[in-house]
Each structure stands twice: as C-alpha cells, then as structure tokens.
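Comments concern the structure below.
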Amino acid sequence: MAKPRKPHLLKIIPPVDASFILKGDPIPWDNPWHYHPELELICCIKGKGTNFVGNDIRSIEEGEILLLGSNLPHTRQRDRKFYEQNPEETPESIIIQFNEDFLGKDFFDTLEFQHVRELKSRASRGIKFTGNVAQMVIEKLFTMLRADKTQRMISLLMVLDILARAEHYEFLNGTGYVSDAHLKNAQKINLVYEYTITNFRKPIELPEIAALTSLSVSAFCRYFKTRTRKSYFQYLTEVRIGYACRLLSEGRFDIGQVAYESGFNNLSNFNKQFRKIMQSSPSEYYRRTVGK
C-alpha cells in the first residue's frame, strides 16, 4: 500500500511592495494537498473541478466565493476529462492570500472591525458564499485587479466587511474538524484525509486505513471518532456522496454510473446512503440541479 503524503506546508512569499497577494489563478491540474498560515479567498469565475477543504469534498461552483482559514488543509483539482475533451475551455479564478495581521497585530481588535475578526475565526472551518454576496465581492475583485496598491487595500477591507456582514453562508466543515494540520498531533488525521481523498473511489478497509496511523483497528476507530465526532465509514460515505453530487450536477452519467464512479458497488446502498445524507434521492437531486 502506497503511503500518502502529509499535507504540504506551502511557503507563500508576498510581493515586496504589497501586504497581501492578489492574482488570477487557473484551477491546477495537480495541486498538492497543502496548508499555509495565510487566509485564502478563492473566487471561481468559471471552471470545472473539485474542491477538497478539510474533510469536505464538493464540485467547484462557478460564481462561488470560498474563505479558508489559517492552516486549513485544502486542494483544488481540475476536471481532467472535461478539459481534455474541451481543450478550448480555460478555467478562471481570482485568489487573495493574506496573513492574519497583514495590517498590524492589533488592527482587527478595534471595535470597528470586530465583525471581521469574528469572520476570520469562522473561516477556520472554511466558508462558502454564493448569491448576491458573492456577486458583490466578484465585482470588487475585478476592480482590485485594475487598481493601484492603495485602492487594492481599501477594496480588500470592503470585501472582508461584506463577507463579515453576510447573513447567508455555508460552513464547509463541522466544529469537530481538526484544522491544526501544522501541529504534530494532527498529522495522523491528515494522512487519513489525504489517503481517503485519493482513494475513495475504490474499496477501503479499516485495516489499511488504520495502518496509516500505526494504530490497531479498534484504537484507530476510537481515535477517529474522538477527533471528528463520526466514524471513519461515515466520513468515507460523506466523501463519496459529495463526489456523487458533483457528477449528478454535471449530468454526464446515469445514476448507476455515478454510484460506481463514486465508490459504491451496490446501487441500492448508494440510493439509501444518498437519501440519508442529502434528504433526497439521486434522481430528485439530479432533476433539481440539472433541471430535467
């Protein structure tokens, strides 16, 4: 069994003449599972692929805004089949990366920015914004790309203010998720996440996953339940269903193919687990998202 990589500590070097990074960034082909101290704001203008954030897996949604907290493991993967079949298509996104204290140690401790400080704290779980809030932010991001350094800084504060005041958003991970990937005592759980993300399409047995942590099966089960508040197979099923949702929303496969591609070898079990997690059947989800 090949041993998966640990989350990679990505060294981000800001430009010498700015306090944060702003860049256009296409969805990579092979982006490593990584983390970094900087918070990251990701805007998908257009593109097909998958977001892996902590223990969450879901399709990249055009027009979405993600805010990822410090040291939250993540990766974005381009849909290889789609881009091989559509080589004329080019994914587009805008990325901002900034340190917690990019405006000084105590700047966000002021009363005026208390809501932004709370936003940065919530981002430790990963946050997704869509709808009107995301559209407002996208407009400002395009403005930032054309602005000078001072206007970029002002615009970034406005973006954080918009997101901090948003009433509708979605957490990507539960409160039980371990986000301290840089700490030694979290390396085992992140090995499990990495291996699962890479191999969830094939059968995974407890002995092979426990071996990654050098624990017995029973000790691993206790360890995983303590750290995530769910069993390993519950987590694995959520990953598979998240991927199935992506395939269904793309409308390229029938339900039987989606089940197989997502790691299920039994259609009845796939339907049962899908309904349990999504509160709808795969066919209902397909009609709702594809409109057929």
Tell me, which helices (runs of 4 or more DSSP H) wholly within segment 147-219 include 1 or more residues that are of a type in the set (D, E, K, R), modelled with pLDDT under 80 and under 21 Å from the mean Cα position of the chain (by Cα)? 187-199
Collect the residues in segment 236-287 that are in contact with a helix residue (DSSP H, G or I) (Cβ under 9 Å, 6 or more places away or on another chain), basic (K, R) and more than 19 Å from L172 (Cβ to Cβ), keeping them in residue-number order. R252, R275, K276
If W33 satisfies all but one of (1) free of Cβ contacts under 8 Å to residues at least 40 places away in the same chain; (2) more than 19 Å from V133 (Cα to Cα), what's the number of the condition it fails? (1)
Can you tell me which residue among V258, V192, V239 is touching a strand residue (DSSP E or B) at 6+ places or on another chain (Cβ under 9 Å) and either of a type outside the set (S, T, N, Q) or in the same structural domain as R78 (by TED's automatic domain parsing) (or both)? V239
Taking the residues in segment 90-104 that are in a loop (DSSP other than H, G, I, E, B) and modelled with pLDDT of 90 or more as candidates, determine which candidate is surrounded by the fewest Cβ atoms within 10 Å (Cβ to Cβ). N99
Being surrounded by fewer than 20 Cβ atoms within 10 Å (Cβ to Cβ), in the same structural domain as V137 (by TED's automatic domain parsing) and small (G, A, S) is true for just one of G69, G63, G54, G49. Which residue is that? G63
Residue ID - surrounded by the fewest Cβ atoms within 10 Å (Cβ to Cβ), chosen from residues in segment 237-256 that are closer than 18 Å to L267 by Cβ and among the hydrophobic types (A, V, I, L, M, F, W, C): F253
When residues of segment 220-249 are limited to those that are modelled with pLDDT under 85 and touching a Lys or Arg at 6+ places or on another chain (Cβ under 7 Å), the one farthest from T289 (Cα to Cα): G242
In segment 222-232, anything within 26 Å of Y260 (Cα to Cα), touching a residue at least 12 places away in the same chain (Cβ under 8 Å) and surrounded by fewer than 18 Cβ atoms within 10 Å (Cβ to Cβ) is listed as K230
Among residues belonging to segment 272-282 that are in a helix (DSSP H, G or I) and free of Cβ contacts under 8 Å to residues at least 12 places away in the same chain, point out the one that is surrounded by the fewest Cβ atoms within 10 Å (Cβ to Cβ). K276
Answer residue from segment 123-139, given it is in contact with a helix residue (DSSP H, G or I) (Cβ under 9 Å, 6 or more places away or on another chain) and surrounded by fewer than 18 Cβ atoms within 10 Å (Cβ to Cβ) and is farthest from I57 (Cα to Cα) among those: M136
For segment 200-237, how many residues are closer than 21 Å to I57 by Cβ and in contact with a Pro (Cβ under 8 Å, 6 or more places away or on another chain)? 1
Of residues in segment 140-171 being more than 15 Å from I45 (Cβ to Cβ) and hydroxyl-bearing (S, T, Y), the one surrounded by the most Cβ atoms within 10 Å (Cβ to Cβ): S155
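The values are calculated or read from the model by the stated rules, or taken from the named source; none is laboratory data. Bear in mind that the values here come from a model prediction, so they are computed numbers and not experimental data. Methodologically, a virtual Cβ is constructed for each residue, glycine included, from the backbone with ideal geometry; neighbour enumeration extends over all protein chains shown.
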